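Nothing in this text is a laboratory measurement; each read-out follows from the coordinates by a stated rule. Everything numeric in this text was worked out from a predicted model, so none of it was measured. Every residue, glycine among them, receives a Cβ derived from its backbone with ideal geometry; neighbour counts consider all protein chains shown.
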Ligand SMILES: NC(=O)c1ccc[n+]([C@@H]2O[C@H](COP(=O)([O-])OP(=O)(O)OC[C@H]3O[C@@H](n4cnc5c(N)ncnc54)[C@H](OP(=O)(O)O)[C@@H]3O)[C@@H](O)[C@H]2O)c1
């Protein structure tokens, strides 16, 4: 089909109000995607939507990833609005940095819910739409990209529970790919070290923001995945920072 006459692709991005998710949304908009942007708080999402350029339509939706009902409603709202899902970006995440013995139950539940349970529900709910989109465009297929963490690949002091949720997310992405890639749906975890966002404000005293990864470094990888054929499955992309050690966040 003539490239100009191809239907516009649609993406759903969680965690789109700030940091890595916001940058991914900005770049997908410039690439011409229709977008559903999600986060808990509605006002910052409206601001991000106003900052987007590009020909696509933008829909914002407040949804708490720790609430399965809201996760399911988010997918239905995207489906009703766009009727296709070429790319699901799981950007929402939370982290508590504390020695393992000091992580309280509330913090643990929050990380498990937002970083692992929510993404699994989100993917389950999105699968019919991802499969339908991939079946209509088998060359490109449909992709899931989950922002995991380098702490899910190698252990990092103080990030035991957070890293465990991200290791689970990486494993889940692999399982999705082996179960779904025959239907042209695959999942990729992107596992960065420290990225300069609100989430790493606590780290700035010991690690200068200029020495952290930039949100654009991660967003560019997402764009690259959207340009690849469905035959290419990419399980996990580790992104580490320059310096004298590779495997540290
Ligand atoms: N920054 C890093 O160094 C780093 C490194 C590796 C991986 N990551 C991962 O990358 C992802 C993005 O991180 P970031 O640094 O961009 O974080 P951030 O700046 O703190 O942004 C987090 C985003 O997630 C949303 N969010 C948080 N809790 C949520 C919930 N319960 N339900 C729905 N949305 C929620 C936030 O919006 P609301 O607050 O409005 O909900 C916001 O849009 C996370 O999964 C994080 O674990 C970050």
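Of the residues in the stretch 108-133, how many are in contact with a strand residue (DSSP E or B) (Cβ under 7 Å, 6 or more places away or on another chain) and within 15 Å of the ligand (Cβ to nearest atom)?
So the count comes out to 3.
Please enumerate the residues belonging to the stretch 142-194 that are in a loop (DSSP other than H, G, I, E, B) and touching a strand residue (DSSP E or B) at 6+ places or on another chain (Cβ under 8 Å).
Within the stretch 142-194, 148, 149, 153, 184, 193, 194 qualify.
Could you check residue 24 against (1) within 13 Å of the ligand (Cβ to nearest atom); (2) farther than 21 Å from residue 144 by Cβ and say which number it fails?
(2)
In the stretch 95-130, how many residues are part of a helix (DSSP H, G or I) and more than 19 Å from residue 189 (Cα to Cα)?
11
Filter the stretch 217-226 for residues that are touching a helix residue (DSSP H, G or I) at 6+ places or on another chain (Cβ under 9 Å) and within 12 Å of the ligand (Cβ to nearest atom) and give the result.
218, 219, 222
Filter the stretch 174-198 down to the residues that are closer than 17 Å to residue 87 by Cα, touching a residue at least 60 places away in the same chain (Cβ under 8 Å) and buried (at least 21 other Cβ atoms within 10 Å of the Cβ) and list them by number.
Correct list: 187 only.
Just to be sure before I move on: is residue 148 closer than 20 Å to residue 25 by Cα and more than 13 Å from the ligand (Cβ to nearest atom) in the structure I sent?
no
Report, by residue number, each residue of the stretch 188-216 that is closer than 21 Å to residue 31 by Cα and away from the ligand (no atom under 11 Å from the Cβ).
188, 216
Among the residues that make up the stretch 64-86, is at least one of them away from the ligand (no atom under 11 Å from the Cβ) and assigned to a strand (DSSP E or B)?
No, the stretch 64-86 contains no residue that is away from the ligand (no atom under 11 Å from the Cβ) and assigned to a strand (DSSP E or B).
If you scan the stretch 1-56, which residues turn out to be without any contact (Cβ under 8 Å) to a residue 24 or more places away in the chain and within 12 Å of the chain's Cα centre (by Cα)?
none
Out of 38, 43, 10, I need the residue that is surrounded by 15 or more Cβ atoms within 10 Å (Cβ to Cβ) and within 13 Å of the ligand (Cβ to nearest atom). Which one?
Details: 43 fails: surrounded by 15 or more Cβ atoms within 10 Å (Cβ to Cβ); 10 fails: within 13 Å of the ligand (Cβ to nearest atom).
Just a single option satisfies the conditions, and that option is 38.
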